[in-house]
Structures are given as C-alpha cells and as structure tokens.
Amino acid sequence: MKEKKFSSSVEIAKPSDESTTRSPSEDNVQQQWQKVVRRRSFLTGISLAGASVTAGALSLKQLSAEPARSSHRLSKGDAALLRFAAAVELIEADLWQQYNELGGVQGGNPAYIAALSNLDGDMPQYIADNTDDEISHAAFLNAYLISRGAEPVDLDAFRTLPSSQATGAKDIGRLTNLLDLNVDLSWYTRYRSGKNPDLGAQFTGPFDIDHEPGIPLNDSDTPPNTAIPSASNQTPGSSFVGAAARMQAIANTAGFHFAFIEQGGSSLYPTLAFKATEPEVLRVFVSIGGVEIDHFSLWHDKAGNAVAQPLALLKDPITGLTFPDLNALHSELDQTNLILPEPCDFISKDLPQCSVIRPTTTRNGGAVATIKAFTDDLLFKGQSDGFFTLINRLAVEADSVPGGF
Ligand SMILES: [Fe+2]
Ligand SMILES: [Fe+2]
C-alpha cells in the first residue's frame with residue numbers, strides 16, 4: 001500500500017537539553033515514547049517545550065507502528081487483576097445481551113422498545129452498542145490472558161438462570177437475573193455531592209427501586225404490542241395506565257440499572273489500574289475503564305428522563321413504585337440535568353475539591369465491593385454456591401494484589 005504523508009504539523013515533545021527546533025529522528029521519537037511508558041507520566045523526564053516537527057518528514061507507517069507486545073508471562077498479581085476484570089465483563093455481557101434481545105435496535109419486543117424510547121429515541125441503538133462493547137471487553141481480556149500464558153475465565157457452567165418469557169427473549173440459560181432487581185441509586189446523589197465515599201461520606205439515592213424487573217417478564221404481564229403513549233407528545237407519566245404503565249416502569253428501571261452497572265465499572269477499573277505492575281496491563285485497564293465511564297455518563301443522562309416531566313410520576317400498577325419528579329424538589333442533589341460530576345473532596349479535605357470518579361479505593365470500589373453491589377442488586381438471584389465461591393475467590397485474589405489505595 002502506498003504510504004500516506006501527514007500534511008499538517010505535529011507538536012512533539014523534545015528532550016530538555018535540545019534548544020534548536022530541528023526535527024527529531026524516528027528513533028528519538030520512539031525513545032521519548034518509551035520513556036513515557038516506563039515512567040507512567042507524560043511529564044517526567046520530558047520537556048513540554050515541544051519542538052515543532054514538520055510531520056511531513058514522518059510517514060504514517062512510522063508514526064503508527066505498533067508498540068512491541070509484551071510476550072513474557074504475566075505476574076501473578078497482574079493475572080489476578082485481569083481475571084477479575086474478565087469475570088465482570090462476562091457478567092456485564094450476559095446482562096446486556098438480555099437487554100439487547102428485547103430492547104436493542106434489533107430487539108424483539110415492540111412495547112419494551114417503545115417504552116425505552118420514551119427515555120431517549122436512541123436508546124435501542126445505545127443498548128446494542130453497549131452490548132457490543134461488553135462482549136468485546138470479555139473476549140479481549142480472556143484472549144489477552146491466554147496470549148500472556150495465564151488462565152482465562154470461563155463462567156459457562158453457571159449459565160443456568162431462567163430467561164424472560166416475554167416475546168423477544170431467547171430461551172437460554174443466563175448468568176444474571178434481571179427479573180427482580182433492587183437498584184441502588186446512591187450513585188445519583190454521590191455524583192451531585194461535594195463529598196466523597198473514600199473520605200467517609202455515605203449516600204442514599206433519591207428514591208428506592210426494590211424488586212422491580214429490568215426487562216418484561218412475560219407477555220401476559222406486558223403484552224408485546226401494548227400501545228405505549230409517546231412522551232414526545234408530552235404525555236404525562238401519571239396518565240400511563242395498565243400494561244403501558246407497567247412496561248414504562250420496567251423500562252425506567254432498566255434506565256437506572258444501566259447507570260448503576262456502569263458507574264460500578266467506572267470505579268472498578270481505576271482500582272485495578274492502580275495495582276497493575278506492567279505498563280501494558282495498565283494500558284488495558286485505563287483503555288477499557290474509559291469506556292465504562294463513557295457508558296455511565298450516557299445512562300446517567302437517559303435515566304434522568306424517567307424522573308423529569310413529562311414522564312415523571314409514572315406508577316407501576318403491580319408494585320406501586322412511583323418514579324418521582326426530581327426537579328420539583330429544587331435541590332442540586334436531585335436536579336436531573338446535573339449529570340456531570342460535581343467537584344468533590346479528593347485525597348484530602350485540605351485540598352481543593354476536584355471533579356473525579358469516586359470511589360476509587362479498593363475498599364469502596366474494588367473487586368469485592370463490586371460483587372457485593374451486584375449481589376445486593378439481586379443480579380445473581382438463583383445462582384449456585386459454586387458460582388459465588390468462584391466469583392468471590394476471583395474478587396479476593398484481585399483485591400489482595402498489593403498496591404493501589
Ligand atoms: Fe465492560
Ligand atoms: Fe460496562
């Protein structure tokens with residue numbers, strides 16, 4: 001293939017002992033990059049007074065050359081961290097596949113898709129894409145473990161939980177249960193607060209979602225062709241009745257459950273990254289973890305639409321759960337469009353508050369904390385003792401790796 005040349009100029013850092021603006025050779029660029037990787041810092045050992053390089057001198061092939069892959073065996077600690085991540089991604093992939101079968105862009109339940117679309121017209125596409133992401137995370141992590149001489153994670157023996165009986169769901173065994181969820185909403189308050197759980201703060205959510213399904217249970221509970229009023233027609237949530245109200249409550253629960261799952265991933269990956277000893281393993285955690293944060297931010301925004309007008313005040317006729325109008329409370333801890341993290345205490349209350357992911361300590365956001373949160377969510381309702389033994393062992397092994405916070 002013909003090599004392309006960059007036509008624009010690129011700013012590349014140069015060593016501090018260089019005072020001219022000559023173009024560094026490719027070797028020089030590579031040396032600098034290796035320094036960055038070794039020291040885990042873009043600032044260490046490199047002057048930021050960058051030399052202006054005529055990028056036309058560097059070919060695309062030269063600049064995009066793949067970094068050398070690590071080929072030696074993983075350390076025991078790095079393998080334990082990666083194995084726990086692989087287990088969580090298999091769990092995430094399993095639950096997202098269930099949402100996708102029913103409510104994704106090619107999902108099979110029209111009423112569920114219509115109810116999800118009341119949160120945002122693009123919900124079905126986002127569900128499909130989030131599902132693809134999780135499948136790719138799980139497949140990559142296991143393949144990476146194998147490529148580095150470590151054992152992958154196989155949870156197939158535990159795909160024993162029942163599927164939804166609703167139109168659209170495949171009748172196959174599942175790792176996770178979405179039929180009876182307790183969704184912890186403390187993340188909603190936590191990210192609007194200036195306090196940090198890693199510095200002792202505790203939060204409760206703005207309301208409770210207890211024992212609600214995240215997906216339709218069966219066609220008699222929520223017929224798949226139920227007419228769902230369109231929120232885009234400014235239909236108040238309180239005017240939803242019968243099966244339509246039930247289906248909308250299930251879709252609203254899903255919206256909050258999506259954000260619950262992904263905020264967990266947003267905290268978990270930093271805790272794993274802090275303990276990685278190899279730059280390449282650190283790269284894996286930081287790169288996947290960033291996508292979990294992307295997911296969380298998206299779902300945080302969409303869930304808020306379930307508790308804002310016109311959808312707010314919808315009541316599930318079966319369980320009695322009511323989705324409140326959180327904007328009516330006129331509180332910054334509730335306002336639905338405050339989806340970007342509020343600056344909060346970080347490291348020390350003596351330092352200025354900072355907008356960060358929280359928690360990021362092993363105790364509050366690590367592997368054991370993640371499995372406890374998923375268990376409290378009833379995500380594993382009906383799972384076998386063998387499953388809990390394995391998943392808890394993987395979690396303890398990851399949290400026991402030295403380092404981190
Ligand atoms: Fe993931
Ligand atoms: Fe995720």
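The values are calculated or read from the model by the stated rules, or taken from the named source; none is laboratory data. Since the structure is predicted, the reported quantities are computational estimates derived from the model, not experimental observations. Quick reminder, even Gly has a Cβ in these numbers, built from the backbone with ideal geometry, and neighbours come from all protein chains shown.
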### Task
Could you identify the single residue in Thr253, Thr271, Thr336 that is without any contact (Cβ under 8 Å) to a residue 60 or more places away in the chain and either assigned to a loop (DSSP other than H, G, I, E, B) or of a type in the set (S, T, N, Q) (or both)?
Thr336
### Query
Across the range 223-265, what is the number of residues that are small (Gly, Ala, Ser), crowded, with 24+ Cβ neighbours inside 10 Å and within 16 Å of ligand 2 (Cβ to nearest atom)?
3
### Task
Within the range 291-324, work out how many residues are farther than 15 Å from Leu338 by Cβ, more than 16 Å from ligand 1 (Cβ to nearest atom) and outside any loop (DSSP other than H, G, I, E, B).
3
### Query
If a residue has to be over 18 Å from Ile347 (Cα atoms), of a type outside the set (Ser, Thr, Tyr) and not in a loop (DSSP other than H, G, I, E, B) to count, how many in the range 187-217 make the cut?
5
### Task
Go over the candidates Ala93, Ala80, Ala114 one by one and state the one that is part of a helix (DSSP H, G or I), within 16 Å of ligand 2 (Cβ to nearest atom) and either in the same structural domain as His257 (by TED's automatic domain parsing) or modelled with pLDDT under 95 (or both).
Ala93
### Query
In the range 137-181, what count of residues is obtained for those that are exposed (fewer than 14 other Cβ atoms within 10 Å of the Cβ), in contact (Cβ under 8 Å) with a residue 40 or more places away in the chain and aliphatic (A, V, I, L, M)?
1
### Task
Would you check which residues across the range 218-250 are touching a Gly at 6+ places or on another chain (Cβ under 9 Å) and in a helix (DSSP H, G or I) and list them?
Ala231, Ser232, Ala245, Gln248, Ile250
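Being away from ligand 1 (no atom under 11 Å from the Cβ), outside any loop (DSSP other than H, G, I, E, B) and not aromatic (Phe, Trp, Tyr) is the filter here, so list the residues in the range 140-150 that pass it. If you could, list the steps in order and put the result at the bottom.
If we filter the range 140-150 for residues that are away from ligand 1 (no atom under 11 Å from the Cβ), which is where we start, we get 142-150.
Subsequent filtering for residues that are outside any loop (DSSP other than H, G, I, E, B) retains 142-147.
The answer is Asn142, Ala143, Leu145, Ile146, Ser147.
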### Task
Among the residues of the range 191-226, write down those that are farther than 19 Å from Phe258 by Cβ, free of Cβ contacts under 8 Å to residues at least 24 places away in the same chain and among the small types (Gly, Ala, Ser).
Gly200, Ser220
### Query
In the range 275-314, how many residues are in contact (Cβ under 8 Å) with a residue 40 or more places away in the chain, more than 16 Å from ligand 2 (Cβ to nearest atom) and basic (Lys, Arg)?
1
